[in-house]
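For reference, the structure is listed below as structure tokens.
No lab work stands behind these numbers, since they all come straight from the coordinates. Worth saying up front: this structure is predicted, and the values here are computed from it rather than measured. Neighbour counts are summed over all protein chains in view; Cβ atoms, including those assigned to glycine, are modelled from backbone coordinates with ideal geometry.
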Amino acid sequence: MQVGSVGSDAREIARAGDFVRFDKVEKSYDGRTLVVRQLDLLVARGEFLTLLGPSGSGKTTTLMMLAGFETPTRGLITLEGRDITRVPPHKRGLGMVFQNYALFPHMSVRENLAFPLEVRGVSRAEIGERVTRALDMVRLGKLGDRRPGQLSGGQQQRIALARALVFEPKLVLMDEPLGALDKQLREHMQYEIKHLHERLGVTVVYVTHDQGEALTMSDRVAVFNDGRIQQIDRPRTIYEHPDTAFVAQFIGENNKVDGTVTALGVGEATVTTAAGQAIRAEAGPGLSLGGRALVSLRPERLSLAHGADAVANHFPGTVVETIYHGDHLRVRLEALGRDDFVVKAPVSGSEALVPGRTVDIGWRVADGRALPIETPA
Ligand SMILES: Nc1ncnc2c1ncn2[C@@H]1O[C@H](COP(=O)(O)OP(=O)(O)O)[C@@H](O)[C@H]1O
Ligand SMILES: [Mg+2]
């Protein structure tokens with residue numbers, strides 16, 4: 001894999017104008033270990049880009065370098081073509097939202113929203129108007145006189161969002177802004193932020209470790225691992241066509257079946273397991289004939305219907321257990337050398353899926369992705 005490589009989608013967006021640019025940026029806090037390595041990143045104007053990855057993968061450090069709270073050890077960051085690598089945070093004119101809302105507790109909601117405008121020398125009359133508009137935008141128009149302590153977590157986070165947007169910044173940075181909210185409110189806020197972004201046309205760089213959040217909200221997702229971007233693409237591409245085993249593993253659920261590449265054609269590979277079962281799958285980058293590979297299979301793309309011979313791949317499996325999830329049935333099977341093979345099946349017509357029963361598991365070539373097995377660096 002090419003480090004910090006950009007997909008074709010990425011190149012297309014970059015041509016639309018690179019608004020933010022990271023050029024071979026590296027960061028070390030202790031002068032020995034790099035927590036961000038050789039980072040090349042382009043953010044287009046108006047884009048919603050999410051940095052996604054496990055804890056410690058360098059997302060916050062990357063965002064902090066863009067905000068100006070951290071300085072790169074090497075490399076260059078530009079905003080609209082201007083070198084900002086060493087420009088202090090308050091001169092970058094960015095809006096920011098973090099997990100802990102960081103509202104001023106002794107000020108009313110309106111005073112909190114007025115603050116960024118006051119420091120920018122906006123006139124009294126205009127401040128009043130803009131604060132009212134920002135409050136309406138997050139649908140909290142009635143709560144302007146309250147103090148942050150008198151608001152729920154979700155309301156405080158909406159105020160923090162309004163405060164980051166009230167001075168109409170060109171770029172807004174958000175670091176796990178919904179991390180402290182419960183699931184339902186978090187999902188609601190995801191849509192709210194997404195719609196605000198669409199309405200305002202502001203550029204957003206968003207950090208999360210939650211893949212569902214990244215897929216739902218973003219124009220593009222950059223998947224971080226160990227200080228590097230493994231893949232940067234549209235959510236659908238990331239999910240359907242992961243470039244690396246790490247990305248397949250980190251985004252969504254997948255069954256991994258490993259074997260050896262026994263045929264490699266245009267866009268398609270055959271991976272043969274130790275037991276001699278040959279699986280045809282879409283070929284990811286970096287495969288070599290005779291090399292080790294795994295096939296990543298999404299549980300919701302597999303079917304347990306009879307007559308699976310209409311599709312390219314069908315293998316026998318033995319049902320181990322079924323778990324009812326309301327909107328689907330989770331079926332665990334022994335199949336393809338694994339005892340944790342999972343298929344998500346529709347609840348209707350699932351009566352035959354009883355433990356001990358042998359069934360046919362089928363899927364199309366395009367529903368499996370063959371990827372090289374990563375050897376630790
Ligand atoms: N201020 C700091 N001083 C020293 N090490 C840090 C500091 N901030 C982060 N790190 C280290 O840098 C690595 C990346 O951290 P971070 O960027 O916060 O990752 P993420 O946001 O993806 O969880 C981690 O190993 C973390 O421990
Ligand atoms: Mg972080």
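Can you tell me the length gained on complete extension of the stretch HIS188 to VAL119, counting 0.36 nm per residue apart and subtracting the Cα distance?
Numbers: separation 69, 0.36 × 69 = 24.84 nm, distance 3.18 nm.
Gain in length upon complete extension: 21.7 nm.
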Exercise. So how tilted is helix 183-200 from the main axis of the chain? Cα-based, degrees 0 to 90, rounded to 10.
Worked result: 60 degrees
Problem set entry | Per-selection Rg to Rh, region 127-274 - Cα, Kirkwood hydrodynamic radius | 1.13
Problem set entry | ³J(HN,Hα), Karplus 6.51/-1.76/1.60, whole Hz, each residue of region 206-212, x for Gly, Pro | 10, 10, 8, 9, 9, 5, x
Problem set entry | Degrees, to the nearest 10: 109-118 long Cα axis against longest axis of the chain | 70 degrees
Exercise. What net charge do the residues around ARG130 carry, taking every other residue with its C-beta under 13 Å from that of ARG130, with Lys and Arg at +1 and Asp and Glu at -1?
Worked result: 0
Exercise. If one puts a single equal scatterer on every Cα of region 34-116 and applies the Debye formula without solvent, what log₁₀ I(q)/I(0) results at q = 0.17, 0.19, 0.21, 0.26 Å⁻¹?
Worked result: -0.85, -1.01, -1.15, -1.45
Exercise. When you count, for each residue, the other Cβ atoms within 10 Å and take the mean per peptide, how do 34-46, 354-366, 155-167, 128-140 rank with the highest first?
Worked result: 155-167, 34-46, 128-140, 354-366
Exercise. Going 7 Å from the Cα of PHE104 toward and past its Cβ, which residues in region 118-155 have a backbone nitrogen under 18 Å from where you end up?
Worked result: 118-132, 134-135, 144-151
For this session: Give the whole-number value, in cubic angstrom per residue, of the convex hull volume spanned by the C-alpha atoms of region 8-245.
Result: 130 Å³
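Relative contact order for region 8-245: what is it in percent, counting Cα pairs under 8 Å that are at least 6 residues apart? Display every interim value, and only then the final one.
On the way: 431 pairs, mean separation 65.4, N = 238.
Relative contact order comes out at 27 percent.
Express as a percent, rounded to the nearest 5, the fraction of DSSP beta bridges in the chain (both residues included) that run antiparallel.
Beta bridges within the chain, antiparallel portion: roughly 75 percent.
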Exercise. How many Lys pairs in the chain lie less than 26 angstrom apart by Cα atoms, where the lysines are 8 or more positions apart or on different chains?
Worked result: 17
Seminar exercise, completed: Highest mean packing first, using Cβ neighbours within 10 angstrom, the peptides 76-87, 51-62 sort as 51-62, 76-87
Exercise. So how far apart, in nm, are the two label points at LYS91 and THR318 if each is 7 Å from Cα heading toward Cβ?
Worked result: 7.1 nm
For this session: Give the Debye-formula value of log10 I(q)/I(0) at each listed q (0.19, 0.24 Å⁻¹), with one equal scatterer per alpha carbon of region 109-158, two decimals each.
Result: -0.59, -0.87
Exercise. Can you give the charge dipole size of region 253-372 about its Cα centre, rounded to the nearest 20 debye, using +1 on the beta carbon of Lys and Arg and -1 on the beta carbon of Asp and Glu?
Worked result: 220 debye
Exercise. Over region 159-205, how many percent of alpha carbon pairs lie in each 5 Å bin up to the one with the longest distance?
Worked result: 5, 19, 33, 26, 12, 4
Problem set entry | Radius, Kirkwood style, for region 253-372 when every pair of distinct Cα atoms is counted (Å) | 14.4 Å
For this session: May I ask you to compute the full-extension gain from LYS24 to ALA352, defined as 0.36 nm times their residue separation minus their alpha-carbon distance, rounded to one decimal in nm?
Result: 112.5 nm
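Got the relative contact order for region 9-147 handy, in percent, Cα pairs under 8 Å and 6 or more residues apart?
Values: 162 pairs, mean separation 27.1, N = 139.
It comes to 20 percent, rounded to a whole number.
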Exercise. Ranked highest first by the average count of other Cβ atoms within 10 Å around their residues, in what order do 247-260, 269-282 fall?
Worked result: 247-260, 269-282
Exercise. Can you give the helix-only mean residue ellipticity at 222 nm for the chain, where every DSSP H stretch with n ≥ 4 adds -39500 (n - 2.57) and the sum goes over all residues, rounded to the nearest 500 deg cm²/dmol?
Worked result: -7000 deg cm²/dmol
